[in-house]
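Structure first, commentary second.
The values are calculated or read from the model by the stated rules, or taken from the named source; none is laboratory data. In this text the structure is predicted, and so the values were computed from the model without any measurement. No Cβ is skipped: glycine too gets one built from the backbone with ideal geometry, and neighbour counts run over all protein chains shown. What goes into the accessible areas is simple: the full protein's heavy atoms, side chains included, and nothing from ligands, DNA or RNA. Shrake-Rupley method; radii C 1.70, N 1.55, O 1.52, S 1.80 Å.
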Amino acid sequence: MIGAGVVGLSVAWLLCQHGHRVQLIDPALAQGQSSQAGSSAALGLVMAQVFRRSSGRGWRLRQQSLALWQQWRQLLEERGHGIPWRSGLLQLASNEQEWLAQARLVEERQKQGMPLRLLNKAELQELTPALPAAAAGGLLSPEDGQIDPLPAMQALLHDGLRHGLLTQAARVERLERGGSGGDQRWRIHTDAGLHHSDWLVVAAGLGSPQLLQPLGHARPQSPVLGQALELQLPAGCDAERWPGSVSWDGINLVPRPGGRLWLGATVEPGLSTGSPEALAELRQLGGHGPDWLREAEPLRHWQGLRARPDDRPAPLLEQLEPGLLLTSGHYRNGVLLAPATAAWVLQLLEQPSA
């Protein structure tokens, strides 16, 4: 398993639960730390039931992941690895047309037995702290929510280690097909030595294309920068009063304990560091920030590059050849789709033809 972000950890953990011998390779695993390269700017929003489509791969993966995260959290909690979860997701409509589209989605989801409901403009204005006044309404999904990404990654890593997961803090330099005469399928050359394996799962995010290209598999991916801020809100201002995390025009707002708030967005393609202008736009909610938000005190700022596939839908879940699986390019949905990705890998490994 190459790559110890949230996807790689999820795959490795699930395979260990089913008795597979797994070695997880990532240079960031030194001192028991998981990789944060592709997951560091994630806020962990789980947007499954609010997904606008009702069929296709994206819909199936989201519903599967929502159910699996619930199962995984319960199991890990029983084993002493709690993962913070905040129920509820409120998507704000920026105009009347968008709110009407939300109304149609609510009607469809309610027929499917999903408890989505609409909030009109007057109901939004009753919430405190105040949400953007320009919102035409909102869509509340009680069963979607937010997972705290770093505790989730640590829980998967530590529980995996207890159940036989092997790790190596090393950089993979190249991949090579095994030879004949009973040799295993894959040779993994790292800066710490050589490994052999019958199965190889590549979840190295933006590092995946350069590993796969020499094998004849062109799967280019582009970097997209995600930025996030943690704010201390003014006295008496507590975003935990909201019915869940909030999404407004591409910006996500996640209430935190102690009167704090996370703000995050994925807005800058191709950049390795964020621009001050984009950070200011995030800080001001695109010019719609309420007074309390402008008065909030910035505590920290962090960012990370996310991998978006070129000319292919995200994510890339492909068996490139026997024993070689690619799980990358999750773009904005790594945390959300990690469990379904792991289940896909497990199914391929355990199918009779494998």
State the number of residues belonging to segment 296-320 that are open to solvent by less than 80 Å² (accessible area, probe 1.4 Å) and modelled with pLDDT under 95.
6
Could you give me the residue pairs with C-beta distances under 9 Å whose first residue belongs to segment 65-86 and is open to solvent by less than 60 Å² (accessible area, probe 1.4 Å) and in a loop (DSSP other than H, G, I, E, B), whose second residue is modelled with pLDDT of 95 or more and basic (Lys, Arg) wherever it lies, and which are 6+ apart or on separate chains?
Gly82/Arg73; Ile83/Arg73
Looking at the structure I just gave you, is Leu156 in contact with a helix residue (DSSP H, G or I) (Cβ under 7 Å, 6 or more places away or on another chain), of a type in the set (A, V, I, L, M) and open to solvent by less than 40 Å² (accessible area, probe 1.4 Å)?
yes
What are the pairs, 6+ residues apart or on separate chains, where a residue within segment 117-130 that is touching a residue at least 12 places away in the same chain (Cβ under 8 Å) has its Cβ under 7 Å from a residue that is among the basic types (Lys, Arg)?
Thr128/Arg241
Of everything in segment 133-178, what is among the hydroxyl-bearing types (Ser, Thr, Tyr) and within 20 Å of His195 (Cα to Cα)? Give them in sequence order.
Thr167
Determine if segment 254-271 includes at least one residue that is within 30 Å of Gly3 (Cβ to Cβ), open to solvent by 20 Å² or more (accessible area, probe 1.4 Å), in contact (Cβ under 8 Å) with a residue 40 or more places away in the chain and assigned to a loop (DSSP other than H, G, I, E, B).
yes
Taking Asp198 as meeting all but one of (1) charged (D, E, K, R); (2) under 16 Å from Glu321 (Cβ atoms); (3) in contact with a Phe, Trp or Tyr (Cβ under 7 Å, 6 or more places away or on another chain), write down the number of the exception.
(3)
Can you pull out every residue in segment 172-202 that is touching a residue at least 40 places away in the same chain (Cβ under 8 Å) and surrounded by 15 or more Cβ atoms within 10 Å (Cβ to Cβ)?
Val172, Leu175, Arg185, Trp186, Ile188, Thr190, His195, Ser197, Trp199, Leu200, Val201, Val202
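If you take the residues of segment 212-235 that are out of contact with any helix residue (DSSP H, G or I) (no Cβ under 9 Å at 6 or more places or on another chain) and open to solvent by 40 Å² or more (accessible area, probe 1.4 Å), which of them is nearest to Pro322 (Cα to Cα)?
Initial filter on segment 212-235 (out of contact with any helix residue (DSSP H, G or I) (no Cβ under 9 Å at 6 or more places or on another chain)): 212-216, 224, 226, 230, 232, 235.
If we keep only those that are open to solvent by 40 Å² or more (accessible area, probe 1.4 Å) as well, we get 213-214, 216, 232, 235.
Details: Gln213: 16, Pro214: 16, Gly216: 14, Gln232: 51, Ala235: 59 Å.
So the residue we want is Gly216.
Kindly establish whether Gly207 is assigned to a loop (DSSP other than H, G, I, E, B) and not aliphatic (A, V, I, L, M). Spell out how you get there, then give the answer.
Working: assigned to a loop (DSSP other than H, G, I, E, B): no; not aliphatic (A, V, I, L, M): yes.
So Gly207 does not fit the description; no.
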Check off (1) in a strand (DSSP E or B); (2) open to solvent by 40 Å² or more (accessible area, probe 1.4 Å) for Pro243 and give me the number that stays unchecked.
(1)
